[in-house]
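Each reported figure results from applying straightforward, stated rules to the coordinates on display, with no laboratory input. Since the structure is predicted, the reported quantities are computational estimates derived from the model, not experimental observations. Cβ placement follows ideal geometry from the backbone for every residue including glycine, while neighbour counts extend to all protein chains displayed.
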Amino acid sequence: MKVLMINGSRRDAGCTYTALSLVAKELNAAGIETEIMNVGSRVMKGETKEAVKEALAVMKEADGLVIGAPVYYASPAGEALMFLDRFFWDGGDDLRCKPCATVASARRAGTTATLDALNKYPTICEMPLVSSSYWNMVHGFTPKDVMQDLEGVQIMETLGRNMAWLLKCIEAGKAAGMEPPAYTKKTLTNFIR
Ligand SMILES: Cc1cc2nc3c(=O)[nH]c(=O)nc-3n(C[C@H](O)[C@H](O)[C@H](O)COP(=O)(O)O)c2cc1C
């Protein structure tokens with residue numbers, strides 16, 4: 001089994017990456033492969049389209065998704081949103097019914113508003129949200145700060161274990177013949193017709 005992890009920060013090895021690594025460590029300990037893709041820096045270089053294509057190719061085979069973003073002005077960083085808007089628009093069947101977790105990293109404030117925005121993506125794609133012992137956030141300006149945020153570290157580790165458990169439950173369900181419900185074509189209305 002594999003989980004794709006999206007680092008929406010322009011800093012490839014910053015706080016968001018550190019938080020994702022903590023989640024990855026627990027998934028790996030449970031025998032689940034992880035791949036962290038640094039997409040924020042790709043967006044900064046004008047490579048959004050390529051990054052989305054590469055991430056979707058990985059997502060096709062992946063069983064779960066973790067999205068991480070730093071908080072900028074109390075919202076997800078623009079680079080993360082730019083990537084996510086395209087990734088989820090094009091994702092379709094490769095996302096449906098696969099568990100997803102979202103993670104926010106901030107120095108101090110804006111984490112819950114950021115998680116609220118991030119959670120909007122998987123919850124319109126029939127993806128079960130994975131939770132932890134608190135909202136999925138870490139605090140820090142540097143990776144060292146994040147590692148000193150003991151509660152944040154614990155939240156990430158618990159998140160990784162919870163995601164591993166859910167993935168294994170889904171796998172066991174499939175082995176017992178429990179497939180995801182059939183896709184229902186969306187009825188799109190615009191309140192006029
Ligand atoms: C442009 C900008 C805006 C930021 N806005 C906030 C903010 O609103 N609240 C906050 O707590 N931290 C804010 N920060 C700090 C980052 O969210 C924080 O350092 C985060 O952990 C960085 O993650 P990263 O290293 O993965 O990029 C901001 C940083 C930048 C560069």
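Observations
- Enclosing the Cα atoms of the range 73-193 in their convex hull gives a volume equal to 136 cubic angstrom per residue.
- Highest mean packing comes first when the peptides 170-182, 80-92, 62-74 are listed by Cβ atoms within 10 Å, giving 62-74, 80-92, 170-182.
- Dipole magnitude of the chain about its Cα centre (Cβ charges: Lys, Arg +1; Asp, Glu -1), debye to nearest 20: 400
- Along the range 138-143 the Karplus relation, 6.51 cos²θ - 1.76 cosθ + 1.60 evaluated at θ = phi - 60°, assigns HN-Hα couplings of 10, 10, x, 9, 10, x Hz to successive residues, with x for each Gly and Pro.
- The range 2-175: Rg to Rh, with Rh as the Kirkwood radius over Cα pairs: 0.93
- Ranked list, fewest to most other Cβ atoms within 10 Å of each Cβ, for Glu79, Glu54, Glu61: Glu61, Glu54, Glu79
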